[in-house]
Every structure is written in structure tokens, then in C-alpha cells.
1. Taking segment D:86-104, which residues are among the basic types (Lys, Arg) and outside any strand (DSSP E or B)?
2. If you check residue D:16 against the conditions, is it more than 9 Å from chain B (Cβ to nearest Cβ) and free of Cβ contacts under 8 Å to residues at least 12 places away in the same chain?
3. Please go through (1) of a type outside the set (Lys, Arg); (2) touching a Leu at 6+ places or on another chain (Cβ under 6 Å); (3) surrounded by fewer than 19 Cβ atoms within 10 Å (Cβ to Cβ); (4) over 22 Å from residue D:274 (Cβ atoms) for residue D:78 and return the number of the only condition it doesn't satisfy.
4. Output the residue which, of all residues in segment B:198-216 that are of a type outside the set (A, V, I, L, M, F, W, C) and in contact (Cβ under 8 Å) with a residue 40 or more places away in the chain, is nearest to the other protein chains (Cβ to nearest Cβ).
5. Looking only at residues in segment D:109-118 that are within 11 Å of chain A (Cβ to nearest Cβ) and either of a type in the set (D, E, K, R) or open to solvent by 10 Å² or more (accessible area, probe 1.4 Å) (or both), which one is farthest from residue D:137 (Cα to Cα)?
6. Here are some residues: B:39, B:5. Which one is within 14 Å of chain D (Cβ to nearest Cβ) and either hydroxyl-bearing (Ser, Thr, Tyr) or touching a helix residue (DSSP H, G or I) at 6+ places or on another chain (Cβ under 8 Å) (or both)?
7. Considering only segment B:54-70, state which residues are among the β-branched types (Val, Ile, Thr), in a helix (DSSP H, G or I) and open to solvent by less than 30 Å² (accessible area, probe 1.4 Å).
8. Only one of these is out of contact with any Gly (no Cβ under 8 Å at 6 or more places or on another chain) and either open to solvent by 20 Å² or more (accessible area, probe 1.4 Å) or charged (D, E, K, R) (or both): A:125, A:185, A:121. Name it.
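The values are calculated or read from the model by the stated rules, or taken from the named source; none is laboratory data. Not measured: the values here are computed from a predicted model. Quick reminder, even Gly has a Cβ in these numbers, built from the backbone with ideal geometry, and neighbours come from all protein chains shown. Calculation scope for accessible area: heavy atoms of the full protein, side chains included, ligands and nucleic acids excluded. Shrake-Rupley method; radii C 1.70, N 1.55, O 1.52, S 1.80 Å.
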4 protein chains.
Amino acid sequence: MPANTQSDHACLIVHGSDKPGIIAALSALIARNQGNIVTFDQYSDDAEGGAYFCRVVFHRPNFAVAVPEIEADLARTLGEEFDLNWSLADRSVPKRMAILASKQDHCLLDLLWRHRRGDLPVSIPMVISNHTTSADDVRSFGVPFFHVPSTPGPDKSESEAKLIELLAGNVDFIVLARYMQILSPEFLDAVGVPVINIHHSFLPAFIGAEPYKKAKQRGVKLIGATSHYVTGDLDEGPIIEQDTIRVTHADSAAELARRGADVERQVLSRAVLWHAEDRVIRHGNHTIVF
Amino acid sequence: MPANTQSDHACLIVHGSDKPGIIAALSALIARNQGNIVTFDQYSDDAEGGAYFCRVVFHRPNFAVAVPEIEADLARTLGEEFDLNWSLADRSVPKRMAILASKQDHCLLDLLWRHRRGDLPVSIPMVISNHTTSADDVRSFGVPFFHVPSTPGPDKSESEAKLIELLAGNVDFIVLARYMQILSPEFLDAVGVPVINIHHSFLPAFIGAEPYKKAKQRGVKLIGATSHYVTGDLDEGPIIEQDTIRVTHADSAAELARRGADVERQVLSRAVLWHAEDRVIRHGNHTIVF
Amino acid sequence: MPANTQSDHACLIVHGSDKPGIIAALSALIARNQGNIVTFDQYSDDAEGGAYFCRVVFHRPNFAVAVPEIEADLARTLGEEFDLNWSLADRSVPKRMAILASKQDHCLLDLLWRHRRGDLPVSIPMVISNHTTSADDVRSFGVPFFHVPSTPGPDKSESEAKLIELLAGNVDFIVLARYMQILSPEFLDAVGVPVINIHHSFLPAFIGAEPYKKAKQRGVKLIGATSHYVTGDLDEGPIIEQDTIRVTHADSAAELARRGADVERQVLSRAVLWHAEDRVIRHGNHTIVF
Amino acid sequence: MPANTQSDHACLIVHGSDKPGIIAALSALIARNQGNIVTFDQYSDDAEGGAYFCRVVFHRPNFAVAVPEIEADLARTLGEEFDLNWSLADRSVPKRMAILASKQDHCLLDLLWRHRRGDLPVSIPMVISNHTTSADDVRSFGVPFFHVPSTPGPDKSESEAKLIELLAGNVDFIVLARYMQILSPEFLDAVGVPVINIHHSFLPAFIGAEPYKKAKQRGVKLIGATSHYVTGDLDEGPIIEQDTIRVTHADSAAELARRGADVERQVLSRAVLWHAEDRVIRHGNHTIVF
């Protein structure tokens, strides 16, 4: 799983109804467009006639120049002949990722640091927080920081309008790095890009607020974290990645939070990496992760 | 964690309200009764005045003879002076464990095999199943097998009465090795010994029937198993042990069940071992596991 | 990962030097032979010109009848045009697995149980042990048991000759389930099928005898197990699967052995399953596991 | 495991030859010095007469004032009567930790972040690096940064002399956060405080340079990290903590290094926390971790 962008490499995602001959057609298409397949993953959820998913990374010299004719070929071959959905991404162009954060900085700083190391194939045009505490840290990474306070009360339309102003058209996906605010369905519609959240429990256990406190009350022996796409239903979106660690009766709720922070940042960073590399395909409320 | 019984060793469990001087009193008591402390574990859930829990294993030559005078000293010192609850177990005497099973045999056979290897410090006076499929396997381990069919319909009083006849007075604890029947509060009262269950999910996620099917539907990336004491509330009793393993989008519900069986038998065997060694103390809906 | 055999399904393994067009040629070949691809995995260890590995499972009605013409097409297309190695397995035919065991029975019984549950797509024509202790257990699973005592001293040619008599031509692979005898290069040559071993350490740590004792001496905080193909170099063959579990200073070497047994049987069962499903390709001293 | 310093709390470590009555004497001592035991852990490596280890945290109002008389009592009771070694630490005083680093900054920054979050009960009087690349990052945490270039060639006495000048008397322990230089026995003697290293493999596998490259060559299915006390023998000191993660044939050596960095910083941070909390007792080449 190389993390960096790659010149003259493309990632093709295909999904739709399975039918015989897709791989043959697809590989022939890439071959006749001077592409050489580097990785090929596919999954169909039933032997025949179910849903089909495919991810192909291929190398093609001067890819940027050839995009229009490759796309025309894809539309003809996969779209018309096979009635499949597809998308083609240029792997030399990093996705633009916005991070929304709040007071807790462990997930935010972890993403910024991984990005600086070259481990995340994204650009970060902005970090937005409803608090100002992380401004200096964020800017020390050379990343713009914007402060958008959360509107008090249940109606978040004012603060969400400010978010939309900053985000719309400027980013390819949004990461909620312990943002702790519920985004309205209207916001999700308006922003029009995938939003990835980290929830500090092993979903579907402990949905909603204060999962570590609930975990302590229930007396569980493991705690976890879940990264998922955000939908209109709180903590119900398609899960990208999860993990757990062992705890004991002696760990207080505060200790669970301290130890859980490590799981959160690891789970979120994997979900972000896989999304950035086009490894995650949404299918209803599920994800296929190649 | 030695698994076998030990001659002339005792396990003392103490719990109650924390107060200064408990350890000093306890260790003096063991010393003046010719005991030598082998392991000592304690936990108090608050700095002062909270709940206090302690487990001491000590060696005492000719322990069996000295039990009455040690118990009198415990009653005087811990009971009267400190108002603590205590129990004293002779570690040369294995606990008597009944196993209740159904068609699925993976947890049942795993316990029988671990017992034969000498890894569980228990005796197994009986296995009871509501099916006959495992009779030969059970008897090949030299363990008596009884068939008690489950009464059809919601009223289980007839089959539970037969279970009580077999179990009452004959066992120290009961293990539900994927027994798949809900035991009534009346049964739990009547049998009067701890009952340990294995649930095939990471509780509190996927309470109730068909957790692997629910896990597949939710699209989780880990599945788990939970061993807990049975109470009147289904899947809500104090958790003893849990674990999880990684799964993917490509695993069917049947595949989750196949792979989860490994986690179930491991989690259950650890819970049973720890219970048999008096390592687990119940405290409300929680457990302290030393 | 379905564990059972599948009628009219074939598994094709391809490996050799990577070159453009392999997938197109391969998928066209399967299509023109009335096959429908069910799973497709590939890996190349370099962008271009490196080693190429591919595993395709396809469904083909009346596969058994079509084998000769499919093999002829493979020889022509993959062999002559692309200079690749290939092998074609009928997934309705389980591989024949022999188990060699000694006194310790945890890995042996675990494999027999999994097989009886339908979790391993193999047949088990024989178990051979250099001790007689497991004879009754093995036969209770309906599996033939043979006793071949190990020749005392370093020269094992006599006992190995007896093993060859039993095994040659009768099995497709051999599993050493804690067999504890070193097999000579001559034996490996003569038997001519893959041999899978389980070593009770995280290789390359603690090669050779008594790894748990060595682990205790070194004071490690994790112990592990490794399943690998056997070669002439002790514990140096290609690794198929490994895993570890956490231990503490309080665990004796005997306790490490007791707890490690769980890791051993899990690691070995996964390696056996993957081998039986043709998921493992050897490449020098490495394995590709699809 | 509370991470912060605690006023009026002390941590007492005791070790030596086990004999009957230690706990009674110890708890009586703490009681007569107005202490109340908060946590109590003990371990003896043999039933009787082996090595004995004990860690007691107790609360004592105005502890700082009482230190001389408590130490006198300890010397009398534990030292003279029982011939045990002991040390008493004031938990309101954080240990002074120096970090030595090189170009790779993941372990260094992780420790600085955890410290700023309040998760490590230490003070950090200095970071020393043989490169200047991390100077700004370190100083942005308010921590002094010193540059001590490594003397070229095998004789490191010049650079080590400079390190000693900075460190001697100013720190309670030293962390090598991927420092990549071998420290001489003379340096270890002169500096006179514990030195904790992080090695990027699961020791004793892959001792020495380039463990990820060696892991790739051997084809392991897990990689790991090990934190240990530094001794004169390279990578042979007492292990404090280890962990592993799963990798595949598709991961390059560079990818192993990228993913292993996460394990390294987690393992090191746990080892540092446990050392700072006096949870780790060295015993020959082993550690007892309470």
C-alpha cells in the first residue's frame, strides 16, 4: 500500500451488476489504451448476478493527455455495453482534504503529522475548528486555520453556512477529527463531498454521546473506535474501519478516554488513507475495502 | 496462572467497603495461622471509602485440618472488626462444573478437551444437552451425558424442572456452551450457583438472536464474543471476558459464524478458567478479574 | 473464504515473469471456455518485469469434462505465448491431507474437529504418530491411525522408509502437527508433496528446540507461533502464517506452553485452510497468500 | 493507571529474597507511618525462597515532611530485619526525562505530544539530537533542544563526552527515540541513569541494523517493536514492552517501516509511562511490570 501520489498512474473504480465478461472487457480496454495493470482487486457479493466491485490501478505513460479518450472508451465499453458505473482518478493528483476539529487535538495533529511525513496522499487546504486552541499548532504545519464557532442551540444553520462558504468547491472530502458537532442533512447535501467521522466506540455499541462513560458503566473488557462515512443517521453510516484494545476493571472512564485516543487516531488514519487511495467503495450501508 | 489444583493452598476472597488497615490485618491473620502468601491482588474503586476487593492465595501445611480455626479468625477479624465479606476456598478441591449444550459442539468439546489436558482445575460431573448429537463425544471423555429436551413453547418449567433435578446440589457452577435456551429467573434462583454464558457478539452490540447475521447487516469490520454471568436480563449480566477478530466485506454471515467459533471457544475457556480459579469477583453489574 | 469444496468450480494458479496483457489473455481464455470468474487476485512484486502471481476461481458447468481442452488452451496461451507456469485444480475434489503427530495432541485434534465440522476442504486418509496415545481419539473421528515409531539415534532412514511406504502416492500434502522429529532432505524429496509445519515460536526468534523455555529466558512480552513449509533448513522454510499473544513476567515456561497451544492450533489451522484452498503460492523463501 | 503526578502519594518498590511475613511487616510499617495503601502489587518467582518484588502506592498527608522518618523505618524494618532492597519515590515529583533523537521524528514527537496532553508524569528538561531537523518542532513544545553531532568513526568518546556534560545530574532517565547510535558501556556507566531504547523489531528476531529489510527478506507475516533497557550488549537488555502488527507479502520494506512506526511509538510510549510510574523492576535480564 504505497502512500504517495504516483505520476502517470490511474485508479479505476467500477461497480454495478455482475455479469460474465467484465474482467475480459476491462483488461482489454486498459491494454488498448496503452495501460499496464499494476493492481487488480474485485469482489462480487454473489456468485452470479449480484453486485460487482472492482478497483484497478494502471500505469499509462502521459496519462493526463489520454484521459478524454480513455473516459470515452470507458463510457462506451463499461457504461453502454455492461451498464456499470465507473470513476477514473489520476493518482498524481492528491485529493483535497479538509479537517474539522474541536478542542481535542489528538486526531487532528496525528493527521497533520502523517501528512507531513508523506504518509497520506492528500493536500490539506484548510483546518476548521469551533475553538481556537489548535490554531498555532495547525499553522506550524503550514496549513491554513479557520475558526468557525458553533452556533449555540439546536439550529446550526448559521455556523453550517459559514462552513459551506469555506468548503464548497475547495475540498474533495472532509474529515471530522473528533469534531463533536452533529452536521445536518442539509449541510451534507450542500457540501456534496464524502464526510468521514471517527466515533470513539466499537459501533454499534455505545452510539451517541459519552461512549467511554457508557463503556465503563457496562463493564466491557475491550474498548474500540470506528471510522465511518457520515449520513443523516447519527453513527449509522457505512463503517470503513474499526479496532479495539483491552482494558480492565481498574481503568477509570478518564483512563479509557486516554487509552482510546490511541485507537481513535490509528483507526481514523487508516480510514483516511484508504479513502484517499480510492480503496473504499460505498454500497448501501456497507463498504468494500480493497 | 497455574491451572491445576494445588494441595495445601487456599484462596481467600475479600470484598466490602475500603478502610485503612485491611492489608495489615489480613496479612497478620494469615501469618498467625501459619500461612505463607503466594499471590496477593487487591483493587479499590476509589482512593478511600469505596469498594474494596482482594484475592490472596496462601500456602498452609495441613490446610484442611486448620480450616475451622482460620474461618473463625476471618469471621472475627474481617467480619466483626472490618465488616467485610469473605470466602475461603481449598485449592486442592476442584469446583464441580456442569456444561449445558445444544447442537453446536465447538465450545463444549473445547472445554472437555482442555479439561482432559489438565488445563482447567474443575471436575465435570455432567454434560446436559437438549439434543443427543454429542452424547458419544461427551462419553468418550469419560463424562456422563444427560439428554433433557427443551419443552416446546415459551413455558420452559417442565424442562427446567428436570435440569434442576440433575443439577441441584451436584455442581458448583454451570457453563452454557452455546446452549441457545433462555433460562428463567426462577431457574436461576432454584439452581443457586453461578451460570456462565458465551454470547457470540461483542456485547452490548448485537444483543439477542443471530448476532452474526446482524453483524453482517451492519457491515462491521470486527466480530467478537463475550462471556458473562447470566442474570434475569438477557445478555446484560456482568462481563467476564471479551475478544474480537478482524473480518472483511467478503466474509458471509456463515463465514463470520465459522471464524467467530474460534473466538467463542477461546473467550469462554478463559472465563471458565478464571472463574474456576476464583479470579472473578462480581460487583453489581461489573466484574473484577484478578 | 468458503471452506467447503464446490462443484464445477476450478482454481487456476499462474506465476512467472510479469508482462503486459496477462489479465486480458487470462480472462479471455476463461470466457471462451465458458467459465465465469468468481474471485480474482493478483500480485506482482515490481511495477514491471518482476514476478507475477495470480489466483482465479471460476465456475464452469460440467468442469470435469472440459478439463483437457481448458488445459490445452492454458498450455498454449499462458505457457507458449506468455511463458508462465500454471496449475489448475478442481475445487470439487478435496486435497488428501496426512497428519503426522507425536504425544502432544492439541494441533492434531483441532484439525480433526475442524474437518468434521466441515471447515477444512480436505480428506484425511491417515494420521501417523510415533506414539500410540492418540490412536483411539483419531479412530473415533473415522480416520485411520498408523503407528510408526521413530528410529532411535540420528539416522531416521528406517522410520522414514516406513513413512514413505504409507504416504507415497496416497496424499497431496502433509501436516506436521507438533511432530517433533526432523525430516531428512531425502524424505522430503521422496515424498514429493508439500509439508507444512507448526513451530511454537514467532520465527525467526527461537529457532530449534524448546522455544517456550528460550522465550521465558529472554523475558519476551509476547509469544507466538509460525506455520511454514518444511525445507531442508530447520525452521527456515517459507512462512505461511504467524500470530502472537501477550504474556507477562508471571507466566512460567509451562504456562507459556499452555497458552501458546491456543496460538499454535489457530495458526496451523489457518495455514492448512489456505493451503487446501490453493491460496498460498511459494516464491523462493516467501509465500504469496491470497 | 493514572498518568499524572499525585500530591502526598508515594511509591515504594521492594525487592530481594522472598521470606514469610514481608506483607505483614510492610503493611504494618505503612500503617504506623499514617499511610493508606492505594495499590499493592507483588510477585515472587517461586513459591518460597525465590526473588520477591513488590510495588506499593500509598497516600500519606504531608508526605514530604515525613520522608526521613519513613526511610529510617524502611531501613530498619525491610533492610535490617528482612534484608530487602527498597526505594521510595515521591509521586508529586515528576521524573526528569531526556530524549535523544536523530532524523526520524515519529517517536520523538509522539512523546512530546503525550507529555503536553498530560499523559506522561515526567518533565522534559532537554531533547538532544545528532541532527538539527527537529529543533523548531521541539522548541514549539517549550522544550530545550541541543545539537550534539555524532563523532564520525567508531570512537564516539568526543560526542559522548558532550552528551555527558548536558545530561549528568540533570535527568533521571534517558529515552532513545530512534537515536540510531550505539552508546558505549563507558557512557552508560558515566551517565548513571536508566536508558530506554525502542528497537524496530520483535526482539530477539532481527537484532541490529535494518530490521524491516530483514523482516521483508525473511517473509514474516507480522512485524513488531520492542522497548528495552539499554545494556552493553546491543539489543539484549531487559525487555519492557513489545507489540506486533499484521503485514502481507504485498508490503514493501518501506511500507513495513511506515506501518511499523505506529507500533514503535505506541510501544515506546507505554514503556516510558510504566517506567515513569515506577511500574518496571529490573531483575537480571528480565523485567517485572506491575
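1. Listed by number, the residues that qualify are D:91, D:103.
2. No; evaluated as a whole, the condition is false for this residue.
3. (3)
4. B:216
5. The qualifying residue farthest from residue D:137 (Cα to Cα) is D:118.
6. Only one candidate qualifies: B:39.
7. B:70 - this is the single residue of segment B:54-70 that is among the β-branched types (Val, Ile, Thr), in a helix (DSSP H, G or I) and open to solvent by less than 30 Å² (accessible area, probe 1.4 Å).
8. Of the residues listed, the single one that is out of contact with any Gly (no Cβ under 8 Å at 6 or more places or on another chain) and either open to solvent by 20 Å² or more (accessible area, probe 1.4 Å) or charged (D, E, K, R) (or both) is A:125.
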